[in-house]
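What follows is a set of notes on a single structure, which appears directly below.
Taken together, the values in this text are just the output of simple stated rules run on the coordinates, not laboratory data. Small disclaimer: the values here were computed from a predicted structure and weren't measured. All Cβ positions, glycine included, derive from the backbone under ideal geometry; neighbour counts span all protein chains shown.
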Amino acid sequence: MTFSKIQKHIESKTQSKISIEEGKEAVFVSPNNWIEIAQILINDSDLEFNYLMCISSYDKGDNKMYGVAYNFYSTNRQHYLEVRIEIEDGTPIPSIANIWRSADWHEREAYDMIGIVFEGHPNLKRILLSDDWEGYPLRKIFKEPDYYHGIPVPKDKSYWD
Amino acid sequence: MTSIVDSIQKTFWSTYVEFPFLFTGIIVIGGIVIFIVMAVNALIAVYFERKVSAFMQDRLGPMEVGILGFKGGKNFWGGIGQTLADAIKLLVKEDILPKDADKILMILSPFIIFTAALLTFIGVPFSQNFVISDFNIGLFYIVAMSSIGVIGIILAGWSSNNKWSLYGSMRAAAQIISYEIPIGLSLLLVVLVTGSLHLGDIVQWQENHRWFILHSPFTFMAFFIYFISVVAETNRTPFDIPEAESELVAGWMTEYSGFRWALFFLSEYANILIVCIVASIVFLGGWLSPLHLFNIFPASWDLLDGPVMGFFWIFFKAIMLIFVMMWFRWTFPRLRVDQLMYLCWKVFIPFALANLFLVSLWELII
Amino acid sequence: MAKYFNNIVYGVKSFLTGMKLTLDHFNNKKKLVATLQYPHEKWPVPERNIGFKHSDYNLIRSRLHVDIDDCIACMQCERACPVDCIKIDSIKPPKDSEYDCGMTSNDTQKKMIVSRFTIDMSECMYCNLCVYPCPEECIYMVGGPNGTKHEIDYEFSQYKRDGMIFEFADTTDEMIHDAGGEKWLEQRDAKQSHNQEGIELNGVVKIITPADVPVKTETTKKPLQVAEKTDSGELSIQSFNDIADKMCRGISKKAFTSSKRAGKDAVAILAYVAQALSDAGKMTEEIQKILDGLIPAEKSTQEDNIKDTTSDITAKPIEEPISPDTKEMDIKDLNSIEDKMTRGTAKKAFTAAKRSGENKVEAVRKALIEASLIDDVITELLNSFTKDDATADISSSSEVSEMPIEAPTVGTQTDLPLFEIVDLNGIEDKMARGMAKKIYTAGKRSGKTRSEVIADIKSGLSESGKIDESVENVLNNLEAGS
Amino acid sequence: MEDQLLDKSVIETGEMILNMGPQHPSTHGVLRLKIHTDGEIVSKIEPIIGYLHRCFEKHCEQLPYEQIVPFTDRCDYLASMHMDHAFSITVEKLLDIELPERVEYIRVIVAELQRIASHLIAVGAFGLDVGAITPFTWTLRDRERILDLFETLCGARLLYNYIWPGGVSHDLPPLFVERTLKFLDYFDPQIDELNDLLTTNKIFIERSADVGVIPADIGINFGVSGPSLRGSGVNFDLRKNEPYSIYGKFDFDVPIGKGEMGTVGDCWDRYYVRVLEMRESAKIIRQACAQLPAGDVHVAMPKKIRPDIGEVYGRYESARGDVGFYIISNGKNIPLRVKMRSPAFCNLSILSEISEGWMISDVIAILGSLDIVLGEIDR
């Protein structure tokens, strides 16, 4: 199915509104009705997006809004869908780790890198960085600290610069 | 029925050497002979193994280190000094004891394993009448002594206070103890036929009749059961689960280094030599020349017999068997623990028992 | 049961297949062994490679090399490098000067001279991105298709990281001077001296110098207290060590170094530090206290310095070091010295003195006198720091009076005329040649004799470990006058 | 002392926690597995990753598009060409530019060669994990031939920065096609040798068959992809289902696990799918070499890559599976965000699910059959 058909289909299935932006083939949903729509995506016989390819978290640059993009694929019907949730800093997003198990580590990575909180996640802790890391490195405002737990971080290359 | 010990005693019988001196002299001489055999065996076998593995893997193996500037062959068989250099490296290496290890046991266990190998050699003849001490229960003694080493292995694994070592030693214990049984059974069948535990008598029997591997189809099978079981007992691939380097880092010798690890190594290759010599004595006619299998040769060929040629023949056979062991190692994957036990208890032991029964029938009928 | 026996039969069969295979490999080793014995046979070797000629390489990844004579300092390679391992400094001669930067091999007129072209091969990731944009094709990876330009070199391992830093620019200070690059030279010297002091290496703990040790141990004696205060008043980086919080300390130290580089005086520096701290939101009252403690300390030290020095200067030799530092002597003050050689010596002496915490002015003066480089201007300069110190004045003047006497005696020893700079081109190693030329020009300006210059060159080269037989021979020939 | 030994509170009777890695012979890098074992039986297993984290995505946010390619090389260092290719087609999707035919063919040839090389490592390393050392050296020997080809191609043996957004860095060297075909003729019998030595070996089958079975639906739910997913019978290959480059033009079939030796989706199937895929790749290379058109490779290469504002998600069938790049561009020549969907990351996440109840040796085998590359997982 094409993107517009998929969007119509979802809208016909649910009361909760989904929005799209011009020129973007992505469905924007709000965290409140995300679980409901996710259930539709995987269970509906015409959609059956059984393959969650990727969860990409991103920082929109203005130190306030952060976003998550879910890329779905259906191995049976072979069509794509990109669902995006954009939230203010701190607002939690319901976790879909128990619907698509592959979301487990991807959500942990999103939390690790951008600091998006997924509520209902089995164990939401850092995955790539060490547990005692401070800050979320992929935020645009993240600055490399001078000291990591008392260990100085050598930054300048004055030994040859 | 002479042996090194007997000959020494005879020589010093007339001269009035006091017994303690004689005693210590005998022990020292015997020990020196055994140790020389073990060390030379390890040196040669390691080089041999590295070369065999390299050629089977389309590599060249050690090619650089030589002895006094002589590197050996230019194209393939170079680097003859490599194992010597490695031995020296091992001896001068720092000898690490983990902080939480059980120091005494950890220091003790390599010597237990080494002693087991050393004691086993006492009963192993290298040729006719060329044996440290000649028992009339030599076979039994060898089987008994060669199973002491497992104590050292368990101690080594436990005292290292390392989980990998513990796993390795537990696996080793289970494996070695269970593979004692098929070994014992297949040797028992030889004893059954010859009616003697004395290795000299066994070879004598083969000289009078024929090699044991050709005695009957069952002994033929028994030889293979014995050989594969000793491969398992010496912890070599495909049965090297105690030191499976891809699962347990180095198994029960993970925490060992330097001299003690060298002792492990020495005794490992000594065990290989022992089991191969025993196999060649018991099944392959020991120091008899294989040319006697076929009676087409004139009597002049008999000069291929005798103690010196016997020495050559027995080592020829043993080295062939060692090569087969290496060949196994560089060909096969590794078994899992339960599969190993399956092989032992559900394949080898039933077949060995059947062999025993059938051979005794064979003896009754024929 | 049948399955049981089938398993055994299948197993034995598969074992035999495998063993046959390995045995074949064991027997046909002559045909199958694929090893390349590295130190003896190097890649690509004609008989053992996969059958292609050396020239068939499309390109090669190995050490980067620059034909510096062709470089027009267009900076494209520096911009193209993803890991910033290339550093280029260039100097554009002013319009009026008719300095000729030379032509490249493609007959392009060079607009500027490359005063520095450094490649840190320990950071290079051999992505080859810097090679494509070069308009003059002067940066390339050696060997392979470039084998004609430069023989292959993929074994340049070193014991120290500095060995992986390759300097390709061979411009001498003389040329830079002629091209009007004094400013660049001064910056470079300042940077070098900073690195010598080691305070720029962020996070590196500073070695406790002898100057600090007595301060740490015995703070009861008054002159030593004064010494301590002056030390902190001098506002070196370890003045901030009493700040407890690590982050704050780091921030303040960074602010300190940056503002110091900007050449502000102590009070301004402290203000800057406070500003930086409050920006980072790390400002607390105790840090504020510490900073406040630093400013008056400096003022008071100046006062009671003056008191001490005026009261009993000759009595206590122990505080003799303190007295001249009343007017803060900075390394930048030495930049007013024209002669490069003198400036270098002075700066070296200054930094050494600063490390060992002894009197800087005296040390500088002594060093200059030893090097017989001192003249009235410098004496003036030095005395401007120690107006209140009479003895030093006298001594220096006496030195000055002696100096012209011994200078000609030095001059009279010269038997051979000074050789030309082109004679040094016999040295193959670029870096060694550059260094030798530097030393040569310096010596020439300071009117040294042939033997002295050669000795300087030798010592300088052996210091930097660049000296070898060939260089030795070249220098010896020069000394012999051939 | 004695009574202390008898004291149950002193003697550990619970499960043993075994730290496998980060330094372990067969964790394929610096993976750390926290294994709860009951004797030899694994009761719970917890992968801990991140020991090789190199801030790839942070680098991408500060580098122009051309300069990101060397870093994508470093992600999956066993299949660098695939990473370059995946990133490049994603950027081309963003720019939407048309590539000359020859570029596509060259890309397909090198990508399939790279697939063979990567699968050789995977197969050999799996053999090494179950204790067979000789096949590993043989596969490495053959991989060296491919690396030699790549060295003639772009000078580098491991991290080629060859495929660029908008083309390839330069044209094929002379005789490259001939050498490739010569290598393929040499290579086919090697696969038979490998089958004789390892694939059909009884011990190897005992070790790998019926071990670590991944059911198809669970695999899809976990996002497993590539040979690991095809091993469990799912006929899904991007080159067939969503032909991205010119893969539509070639005739090849997608091998899937049939469970000859055990159940569908066990380690042996995953292993054997890789072996068969090498033959398929050889097939593709032969066709591509036959149809290789002439032409210039630098036509479509943009001088400076400066895409419009927007985002794109590009997929690619790498040797490990389904590589995805999610790029957000804000109109500058530096991307705003680059997220890499690494296949081995998802493949590893299923390890704890399928390897519980097996022995430690089997965990090693399962790990080897998943064919992870830590450089790609930790990025």
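Odds and ends about this structure:
- Think of the range D:316-379 as having a plus end and a minus end, set by charges on the Cβ of Lys, Arg, Asp and Glu; of D:Leu336, D:Ser349, D:Gly368, D:Leu336 sits farthest toward the positive end of this dipole.
- Peptides D:345-353, A:126-134 ranked from most to least packed by the mean count of surrounding Cβ atoms within 10 Å: D:345-353, A:126-134.
- FRET efficiency for D:Lys332 and D:Asn241, using Cβ-Cβ distance with R0 set to 51 Å, rounded to 0.05: 0.90
- Extension gain for the segment C:Ala34 to C:Ser470, taken as residue separation times 0.36 nm less the Cα-Cα distance, is 152.9 nm to one decimal.
- Inter-label distance for A:Glu144 and C:Ser122, nm, one decimal - labels placed 7 Å from Cα along Cα-to-Cβ: 1.6 nm
- Kyte-Doolittle mean at least -1.0 and Cα axial length at least 18 Å: DSSP H helices in chain B: B:19-56, B:103-122, B:163-194, B:217-233, B:258-282, B:306-329, B:349-365
- Sites B:Ile104 and D:Gln190, calculated FRET efficiency, Cβ-Cβ separation with R0 41 Å, nearest 0.05: 0.20
- Reported to the nearest whole Å, the Cα centre-to-centre distance from the range C:76-103 to the range A:40-85 is 49.
- Folded to 0 to 90 degrees: helix D:360-370 orientation relative to chain D principal axis, Cα: 10 degrees
- Spin-label pair B:Thr24/C:Glu41, simplified geometry with 7 Å Cα→Cβ offset, distance in nm: 5.8 nm
- Summarising the label geometry, the points placed 7 Å from Cα in the beta-carbon direction at A:Ser16 and A:Asp44 lie 1.4 nm from one another.
- Tensor-based shape of chain A (alpha-carbon gyration tensor, a/c under 1.5 rounded, otherwise prolate or oblate): prolate
- Gyration tensor (alpha-carbon) shape descriptor, the range C:64-181, a/c threshold 1.5: prolate
- Computed from Cα positions, the angle between helix A:34-43 and the longest principal axis of chain A comes to roughly 60 degrees.
- Counted residue by residue at 0.36 nm each, then reduced by the alpha carbon distance between them, the extension gain from C:Ala190 to C:Asn6 reaches 57.8 nm.
- At an R0 of 30 angstrom, the distance between the Cβ atoms of B:Phe48 and B:Asp95 translates into a FRET efficiency of 0.65.
- Look at D:Ser169, D:Ser43, B:Ser196 and count the other Cβ atoms within 10 Å of each Cβ; fewest to most, that gives D:Ser43, B:Ser196, D:Ser169.
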